[in-house]
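Working notes, beginning with the structure itself.
The values are calculated or read from the model by the stated rules, or taken from the named source; none is laboratory data. Computed from a predicted structure; not experimentally measured. Don't worry about glycine lacking a Cβ; one is built from the backbone with ideal geometry, like all the others, and counts go over all protein chains shown. The area values use the complete protein model at the heavy-atom level, side chains included, leaving out ligands, DNA and RNA. Shrake-Rupley method; radii C 1.70, N 1.55, O 1.52, S 1.80 Å.
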Amino acid sequence: MESIFQEFSGYNGTLVKPYYWLYQNHNCVKCPYHIRTGEDGRVTYGEFYEAFGFPYGPTMPENKQMIFYEIKAFNGSIIQKGQVTNCTLFNLHAESMLFENQGYLDSFIYQHNPVGYLTLYTNFTPCNEHGHCCISKIHDFLMKYPEMRLDIYFSQLYHVAEEFPASFWNKEALKSLAGHWPRVTLNPLSNGVWKTVLNAFVKEVPESTLYQPILPARVSADSYNAHMIHFITGIKPYFIDPPPVSQPQETKRSLENQRDKIPTVIPQPHNGFFLYYPPLFPRLPFMPGLQGSKEVSSKPIQVVRHLNMPGDMSEELSSRNIVPNTKKINEVLITEQVVTEKDKEAKRERRKRKTKSVKKSKH
């Protein structure tokens, strides 16, 4: 296989030039090594926030694209993990470089085939815009390795809003990519998955961050992403990890109060970026049990009435094989009989004797 990349050994991994003509320059801080493997693929906590918008919510820096990847065997063991970034100088997207035909990833999997799983943790969903064709390259890659599964986790949606001219093509390409389900999944980063990424790819993470709940702005963005990817592709994300339901007193805390409890070493938003708060939908269905009302919560969910049957009837029913949901019916036999004049006379005599006996008993 003819390679179009150059690979160099780093301190704790490999440094890769995706294209031989890339060079070190001041216009792109990542050039020429846009692919880094092993421990060299880790980023600082500040850089992670700047790209992924964690923990405060999306910052929308579209000129900073970052992908963390894990290549796993069929038994789940990690073969390699690394990081891929975009090139701002030549306007190359991270997915376009990673999934290039005869590129680094293609060559690595070809040499280590068969590979069971490829997992991507990316700050933006892949696009299919002219000049990049990221999803088209991913599709060709999947056709080349049909036994491999691909799971994509993202923190923000890329150019799917109506104001972007290429939004239609991006949404159609995402729908086509999701059509490979269950072999391919598109999932928003959420709750425990954030902690997984922090442990595997981020350095200098405060210990308190790993044990604190996800902030409301980030939870809102993750819920919005889950709704939108379902709306665009028609396929519900199956690997979303919703945060646990908090207690009523905890839900009353504001975002500012939660920020005050976070250590000061956590990076703050940089100038030039803005926080993005997506609308809070889809809303959860109304559930009375979650409202904290004593009147509602005291009511039983299901009422079962037990009826005691008479002893003789229960014995009779147990001794029979009857059809369920039936009632016992008392049968009355009616017969016809011809009455003669002699019978009528005998009946009158019986009545007279009965009345005489009653009168004597009274006296």
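Scanning region 12-24 for residues that are open to solvent by 30 Å² or more (accessible area, probe 1.4 Å) and over 37 Å from the mean Cα position of the chain (by Cα), we see that the one that is nearest to Phe99 (Cα to Cα) is Tyr20. One residue stands out in region 190-212 among those that are of a type in the set (D, E, K, R) and not in a helix (DSSP H, G or I): the one that is farthest from the chain's Cα centre (by Cα), namely Glu204.
Please determine whether any residue of region 204-225 is under 25 Å from Tyr117 (Cα atoms) and open to solvent by 50 Å² or more (accessible area, probe 1.4 Å). Looking through region 204-225, none of the residues is under 25 Å from Tyr117 (Cα atoms) and open to solvent by 50 Å² or more (accessible area, probe 1.4 Å). When Lys175, Lys137 are checked against the criterion of being under 17 Å from His227 (Cβ atoms) and open to solvent by 20 Å² or more (accessible area, probe 1.4 Å), a single residue qualifies: Lys175. Here Glu50 passes the criteria (1) under 21 Å from Tyr104 (Cβ atoms); (2) buried (at least 16 other Cβ atoms within 10 Å of the Cβ) except the one numbered (1). Every condition in (1) under 22 Å from the mean Cα position of the chain (by Cα); (2) in a helix (DSSP H, G or I) holds for His180 except the one numbered (2).
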